[in-house]
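*Asks:* Please find one structure pasted underneath; my questions will follow.
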Amino acid sequence: MKAAARAQVIVIAKQPVPGRVKTRLTPPFSPQQAACLAAAALTDTLAATAQVPAVRHVLALDGEAGDWLPAGFDVIAQHGRGLDERLAAAFGEAYAGLAVPLVLIGMDTPQVTRTILEAAIRPLATGTADAVFGPAVDGGFWLLGLRRPDPALLLGVPMSAADTGKAQLARLSEAGLRVHQLPPHTDVDDLASARTVAAQAPRSRFAAALRPMLAS
């Protein structure tokens with residue numbers, strides 16, 4: 001068994017409640033179906049994260065935890081209005097609880113694996129990078145890792161925009177951080193991206209949930 005890396009992994013997510021998650025999938029799907037897909041994506045993400053030998057696993061949650069939450073996660077509430085504030089707060093609270101490097105991902109990349117996450121942690125844990133950045137195909141980012149979080153690295157970065165990733169990467173570079181970039185991944189955002197992600201991870205819970213919806 002691998003020794004735990006001196007790092008922690010954060011998943012930032014919403015409780016998969018119909019009408020509050022994956023709204024860009026409605027239509028073609030109903031709010032209940034969209035919530036089912038969100039729950040499957042979150043379950044896949046948490047399962048991969050739980051396998052990572054980190055010293056702490058954190059779920060920064062908007063809502064209440066359900067039976068989809070595996071053992072071994074510390075749950076913290078999200079705080080802030082915009083996503084930039086929520087990300088900054090999640091990094092800050094997790095670091096205050098344990099001052100080691102952090103890697104944060106969302107619930108929109110169920111194709112992510114333990115191996116991918118370990119590769120993200122490694123440069124931070126070894127000190128060869130100050131930040132790790134995972135760009136998303138849609139122009140955002142699917143992962144952000146920091147050796148030492150600072151709200152100034154996130155606050156004011158325009159989120160959910162076509163140039164979010166570019167703006168976030170620029171913020172890290174302007175701060176003088178050594179940034180290790182990861183390969184791009186597709187976020188589940190609409191039907192086309194859902195199909196893409198399901199094809200990339202055909203054995204995932206997400207793919208299993210999507211399959212009958214496409215057939216109906």
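*Asks:* Within the range 160-176, restricting attention to residues that are on the phi < 0 side of the Ramachandran plot and modelled with pLDDT under 95, which residue is most open to solvent (accessible area, probe 1.4 Å)?
*Replies:* Taking the range 160-176 and keeping what is on the phi < 0 side of the Ramachandran plot, we get 161-175.
From what is left, the residues that are modelled with pLDDT under 95 are 161-162.
Values: ALA161: 37, ALA162: 88 Å².
Ranking the candidates gives ALA162 first.
*Asks:* Okay, next question. Quick check on my filter: what residues within the range 142-161 are within 18 Å of the chain's Cα centre (by Cα) and more than 24 Å from ALA99 (Cβ to Cβ)?
*Replies:* Across the range 142-161, the qualifying residues are TRP142, PRO158, MET159, SER160, ALA161.
*Asks:* Test ALA170 against the stated conditions and say whether it is free of Cβ contacts under 8 Å to residues at least 24 places away in the same chain and either among the acidic types (Asp, Glu) or farther than 30 Å from LEU25 by Cα (or both).
*Replies:* Values: free of Cβ contacts under 8 Å to residues at least 24 places away in the same chain: yes; either among the acidic types (Asp, Glu) or farther than 30 Å from LEU25 by Cα (or both): yes.
Criteria met by ALA170.
*Asks:* Next question, about the same structure. Which condition does ALA35 not pass, out of (1) surrounded by fewer than 17 Cβ atoms within 10 Å (Cβ to Cβ); (2) touching a Lys or Arg at 6+ places or on another chain (Cβ under 9 Å); (3) hydrophobic (A, V, I, L, M, F, W, C), if it passes all the others?
*Replies:* Only one criterion in (1) surrounded by fewer than 17 Cβ atoms within 10 Å (Cβ to Cβ); (2) touching a Lys or Arg at 6+ places or on another chain (Cβ under 9 Å); (3) hydrophobic (A, V, I, L, M, F, W, C) is unmet by ALA35, namely (1).
*Asks:* Oh, and also: From the set of residues in the range 177-191 that are open to solvent by 60 Å² or more (accessible area, probe 1.4 Å) and out of contact with any Phe, Trp or Tyr (no Cβ under 6 Å at 6 or more places or on another chain), which is nearest to LEU210 (Cα to Cα)? Full working, then the answer.
*Replies:* Taking the range 177-191 first, the residues open to solvent by 60 Å² or more (accessible area, probe 1.4 Å) are 178, 180-181, 183-184.
Remaining after also requiring out of contact with any Phe, Trp or Tyr (no Cβ under 6 Å at 6 or more places or on another chain): 178, 180, 183-184.
Values: ARG178: 39, HIS180: 33, PRO183: 25, PRO184: 22 Å.
Ranking the candidates gives PRO184 first.
*Asks:* Using beta carbons and a limit of 6 Å, which pairs, at least six apart or on different chains, have the first residue in the range 173-190 and within 24 Å of GLU118 (Cα to Cα) and the second one open to solvent by 50 Å² or more (accessible area, probe 1.4 Å) and part of a helix (DSSP H, G or I)?
*Replies:* If the second residue must be open to solvent by 50 Å² or more (accessible area, probe 1.4 Å) and part of a helix (DSSP H, G or I), the pairs left are THR186/THR196.
*Asks:* So, GLY97, is that one touching a residue at least 12 places away in the same chain (Cβ under 8 Å) and small (Gly, Ala, Ser) or not?
*Replies:* On the way: touching a residue at least 12 places away in the same chain (Cβ under 8 Å): yes; small (Gly, Ala, Ser): yes.
Criteria met by GLY97.
*Asks:* While we're looking at this one, here's another question. Could you give me the residue pairs with C-beta distances under 7 Å whose first residue belongs to the range 199-213 and is open to solvent by 80 Å² or more (accessible area, probe 1.4 Å), whose second residue is part of a helix (DSSP H, G or I) wherever it lies, and which are 6+ apart or on separate chains?
*Replies:* ARG205/ALA40; ARG205/THR43; ARG205/ASP44
*Asks:* Would you pick out the residues in the range 78-135 that are among the small types (Gly, Ala, Ser) and open to solvent by less than 10 Å² (accessible area, probe 1.4 Å)? Please lay out each step first, then the result.
*Replies:* Initial filter on the range 78-135 (among the small types (Gly, Ala, Ser)): 80, 82, 88-90, 92, 94, 96-97, 99, 106, 119-120, 125, 127, 129, 131, 134.
Those that are among the small types (Gly, Ala, Ser) and open to solvent by less than 10 Å² (accessible area, probe 1.4 Å): ALA90, ALA94, ALA120, ALA129, ALA131, GLY134.
*Asks:* Which condition number does PRO149 fail, the rest of (1) modelled with pLDDT of 95 or more; (2) closer than 27 Å to ASP190 by Cβ; (3) open to solvent by less than 40 Å² (accessible area, probe 1.4 Å) being met?
*Replies:* (2)
*Asks:* For the range 137-146, enumerate the residues that are open to solvent by 10 Å² or more (accessible area, probe 1.4 Å) and of a type in the set (A, V, I, L, M).
*Replies:* Answer for the range 137-146, where residues must be open to solvent by 10 Å² or more (accessible area, probe 1.4 Å) and of a type in the set (A, V, I, L, M): just VAL137.
*Asks:* Provide a single number: the residues in the range 41-77 that are surrounded by 15 or more Cβ atoms within 10 Å (Cβ to Cβ), closer than 18 Å to LYS22 by Cα and not hydrophobic (A, V, I, L, M, F, W, C).
*Replies:* The total comes to 4.
*Asks:* Of the numbered conditions (1) within 30 Å of ARG147 (Cβ to Cβ); (2) open to solvent by 10 Å² or more (accessible area, probe 1.4 Å); (3) more than 14 Å from the chain's Cα centre (by Cα); (4) of a type outside the set (S, T, N, Q), ALA7 satisfies every one except a single condition; which is it?
*Replies:* (2)
The values are calculated or read from the model by the stated rules, or taken from the named source; none is laboratory data. Keep in mind it's a predicted model, so treat the numbers as computed, not measured. Here Cβ is always computed from backbone atoms with ideal geometry, including for glycine, and neighbour counts include all displayed protein chains. Side chains are part of the model used for accessible areas, which takes the heavy atoms of the whole protein and leaves out ligands, DNA and RNA. Shrake-Rupley method; radii C 1.70, N 1.55, O 1.52, S 1.80 Å.
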